[in-house]
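The values are calculated or read from the model by the stated rules, or taken from the named source; none is laboratory data. Because the structure is predicted, anything quoted here is derived from the model rather than measured. Using ideal geometry, Cβ is built from the backbone for each residue, glycine included, and neighbour counts are taken over all protein chains shown. These area figures cover heavy atoms from the full protein model, side chains too; ligands, DNA and RNA do not enter into them. Shrake-Rupley method; radii C 1.70, N 1.55, O 1.52, S 1.80 Å.
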Amino acid sequence: MSGGAKRGGGLLVAGTTSDAGKSVVTAGICRWLARQGVKVAPFKAQNMSLNSFVTREGAEIGRAQAMQAQAARVEPTALMNPVLLKPGSDRSSQVVLLGKPVGEMSARGYHGGRQEQLLGIVTDCLEQLRGTYDAVICEGAGSPAEINLRRTDIVNMGIARAARFPVVVVGDIDRGGVFASFFGTTALLSPEDQSLIAGYLVNKFRGDVTLLEPGMEMLRGLTGRATYGVLPFQHGLGIDEEDGLRVSLRGAVRESVVAPPVGEDVLRVAVCAVPLMSNFTDVDALAAEPGVVVRFVDRAEELADADLVVVPGTRGTVKALAWLRERGLADALARRAAEGRPVLGICGGFQLLGEHIEDEVESKAGSVPGLGLLPVRVRFEREKTLARPVGSALGEEVSGYEIHHGVAEVLGGTPFLDGCRVGAVWGTHWHGSLESDGFRRAFLREVASAASRRFVPAPDTSFSSLREEQLDLLGDLIEEHADTDALLRLIETGAPSGLPFLPPGAP
Ligand SMILES: NC(=O)CC[C@H](N)C(=O)O
């Protein structure tokens, strides 16, 4: 395959549960194949996430697929994630189709018909990718054995069946129950689906593999299927994961780099864990700086010792505003602003720092007063702004991306990217600006000085190199701990024939 002799091979990476590690395994396989000279693309028919990215063509896709494209060393496109569901509540999501929003939909309405119509579209996207790439590594969602959803499935066995792709099921052994999960996941599928389940991949293993080996032998005896690898537990690999419907990251600390701080003080960043937080990955670039400690908070008291408070993006600007007020965070932010202590609002977080919001689109709440910390008026439009702007701030080049319905009219302050700054309160619609190394350092110097901290940013943190290192680590995991010859055979020739059927099958 490495010579590009054969087109259109592939594999579906499914999971026994959400969070089993499908996204990172898919990325690892992409990086390993790319290193072998294989022209490879990632694919996820349908993703549910509030962490999204804008392609060069201006299409919105899940961040996980953009990260996997980088692992594959190819430019991300809408084909790689044709359906993106962005939850707006527990029951409804914005449906983004081929990179553009097409409407809000209830879960019932979606599974009750719409999803079936989408199978044709997503298989068509996969076929287009297969026509261009030697291999397409597909990621499933949740578990392929969600028996209530199988009939309308377009992301697990639905897509594997349409493409006749072999399936490898990833299980998280750290939670226990991995053998039963592998067995049960297989045994609850129809005979036709089971014929594509090639085998298993154990993820997040700690300890001595020889202790696991008898279990894998028994699993082979029970299922007639091989375990393609045992990947060890690794810290710090949570790059651009999906967030599913997780409501809050309250109390979570973003994993920081191991390098010691350069200056005498650390810098504490508190990120308000607003409802429907979008692209909280924006703060990963801060956590990548030695000496910057990033944590998610939801109490006013937690802002007291923070040197910088970030109000991140949200799919519910008006909802987030009400939440900040209810929890006393709004008052704490106003006090900070008055004291000249730094606050950074990004996208939805920027919008709510303004004076006024007119929203007949997202919340349909009409006219809502903002926190009034920035001279900005926001009006929500039906048309979504999707862009990849470049510009400069604090004398440094900045690039970012924009995903929002709200349009901001900036009425004063010092210009800052597309937004403005008043005193120590900064606001912009741009996501990803902190990934620009020079700007991030300059911004952190401003924060340190406003907070009177003897914090010094490291002179050489390169966010893109750190990201590359992580992707390389994922490639190493696959190369060193999976049976890559067997995986390559699967990708090239499909599931082995004669795989046994495990009763009872699909109900
Ligand atoms: N990404 C965001 O934070 C979006 C902000 C807001 N919900 C809008 O659509 O305008």
* Asked: If you take the residues of region 430-447 that are in contact with a Phe, Trp or Tyr (Cβ under 6 Å, 6 or more places away or on another chain) and either of a type in the set (Ser, Thr, Tyr) or closer than 18 Å to THR385 by Cα (or both), which of them is nearest to the ligand (Cβ to nearest atom)?
  -> HIS431
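Can you name the strands (runs of 3 or more DSSP E) wholly within region 374-429 that have at least 1 residues being within 14 Å of the ligand (Cβ to nearest atom) and open to solvent by 60 Å² or more (accessible area, probe 1.4 Å)?
376-387, 402-410
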* Asked: Looking at (1) open to solvent by 50 Å² or more (accessible area, probe 1.4 Å); (2) in contact (Cβ under 8 Å) with a residue 60 or more places away in the chain; (3) within 16 Å of the ligand (Cβ to nearest atom), which is the only condition LEU488 fails?
  -> (3)
* Contacts under 7 angstrom Cβ, first residue in region 455-473 being under 21 Å from ARG445 (Cβ atoms), partner charged (D, E, K, R) and open to solvent by less than 20 Å² (accessible area, probe 1.4 Å), 6 or more apart -> PRO457/GLU289; ALA458/GLU289; THR461/GLU289
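Per-residue answers, yes or no, for (1) without any contact (Cβ under 8 Å) to a residue 40 or more places away in the chain; (2) open to solvent by 10 Å² or more (accessible area, probe 1.4 Å); (3) within 22 Å of THR493 (Cα to Cα):
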{"residue": "CYS138", "(1), (2), (3)": "no, no, yes"}
{"residue": "GLY142", "(1), (2), (3)": "no, yes, no"}
{"residue": "ALA145", "(1), (2), (3)": "no, yes, no"}
{"residue": "ASN148", "(1), (2), (3)": "yes, yes, no"}
{"residue": "ILE159", "(1), (2), (3)": "no, no, yes"}
{"residue": "VAL170", "(1), (2), (3)": "no, no, yes"}
{"residue": "GLY176", "(1), (2), (3)": "yes, yes, no"}
{"residue": "SER181", "(1), (2), (3)": "no, yes, no"}
{"residue": "ALA187", "(1), (2), (3)": "no, no, no"}
* **Candidate set from region 430-470 (those that are among the aliphatic types (A, V, I, L, M) and part of a helix (DSSP H, G or I)); member that is farthest from VAL266 (Cα to Cα)** => LEU466
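Quick check on region 102-129: of everything there that is within 22 Å of ALA41 (Cβ to Cβ) and open to solvent by 50 Å² or more (accessible area, probe 1.4 Å), which residue is modelled with the lowest pLDDT?
Just the residues of region 102-129 that are within 22 Å of ALA41 (Cβ to Cβ), to begin with: 118-129.
In the following step, the residues that additionally are open to solvent by 50 Å² or more (accessible area, probe 1.4 Å) were identified as 119, 121, 124, 127-128.
Values: LEU119: 92, ILE121: 95, ASP124: 97, GLU127: 97, GLN128: 97.
Applying the filter and picking the extreme gives LEU119.
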* To do: Among the residues of region 199-225, write down those that are touching a Phe, Trp or Tyr at 6+ places or on another chain (Cβ under 8 Å) and open to solvent by less than 20 Å² (accessible area, probe 1.4 Å).
  => GLY199, TYR200, LEU201, LEU212, GLY215, LEU219, THR223, ARG225
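With respect to GLY349, is the statement that it is open to solvent by 10 Å² or more (accessible area, probe 1.4 Å), closer than 25 Å to LEU303 by Cα and either within 12 Å of the ligand (Cβ to nearest atom) or over 28 Å from the mean Cα position of the chain (by Cα) (or both) true?
Working: open to solvent by 10 Å² or more (accessible area, probe 1.4 Å): no; closer than 25 Å to LEU303 by Cα: yes; either within 12 Å of the ligand (Cβ to nearest atom) or over 28 Å from the mean Cα position of the chain (by Cα) (or both): yes.
No; evaluated as a whole, the condition is false for this residue.
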* Restrict the check to region 246-254 and report whether at least one residue is surrounded by fewer than 22 Cβ atoms within 10 Å (Cβ to Cβ), polar (S, T, N, Q), under 22 Å from LYS22 (Cα atoms) and modelled with pLDDT under 95. => yes
* Going through region 352-373 one residue at a time, which ones are part of a loop (DSSP other than H, G, I, E, B) and more than 10 Å from the ligand (Cβ to nearest atom)? -> LEU353, GLY354, GLU355, GLU360, LYS364, ALA365, GLY370, LEU371, GLY372, LEU373
* Asked: Within region 450-457, is there a residue that is crowded, with 20+ Cβ neighbours inside 10 Å and within 27 Å of the chain's Cα centre (by Cα)?
  -> yes
* Would you call ARG164 open to solvent by 40 Å² or more (accessible area, probe 1.4 Å), of a type in the set (Lys, Arg) and at pLDDT 95 or above? -> yes
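Being closer than 24 Å to ARG489 by Cβ and open to solvent by 10 Å² or more (accessible area, probe 1.4 Å) is the filter here; which residues of region 189-198 pass it? I'd like the intermediate steps shown before the answer.
Going through region 189-198, the residues closer than 24 Å to ARG489 by Cβ turn out to be 189, 191-198.
Selection gives PRO191, GLU192, SER195.
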* To do: Can you tell me which residue among VAL83, VAL25 is among the β-branched types (Val, Ile, Thr), under 26 Å from PRO312 (Cβ atoms) and touching a strand residue (DSSP E or B) at 6+ places or on another chain (Cβ under 6 Å)?
  => VAL83
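Inspect region 324-342 for any residue being modelled with pLDDT under 95, closer than 21 Å to VAL447 by Cβ and open to solvent by 10 Å² or more (accessible area, probe 1.4 Å) and give the result as yes or no. Spell out the reasoning first.
Residues of region 324-342 that are modelled with pLDDT under 95, as a first pass: none.
Scanning region 324-342, I find no residue that is modelled with pLDDT under 95, closer than 21 Å to VAL447 by Cβ and open to solvent by 10 Å² or more (accessible area, probe 1.4 Å), so the answer is no.
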* To do: Tell me the strands (runs of 3 or more DSSP E) entirely within region 57-101 that contain at least 1 residues that are open to solvent by 10 Å² or more (accessible area, probe 1.4 Å).
  => 83-87, 92-97
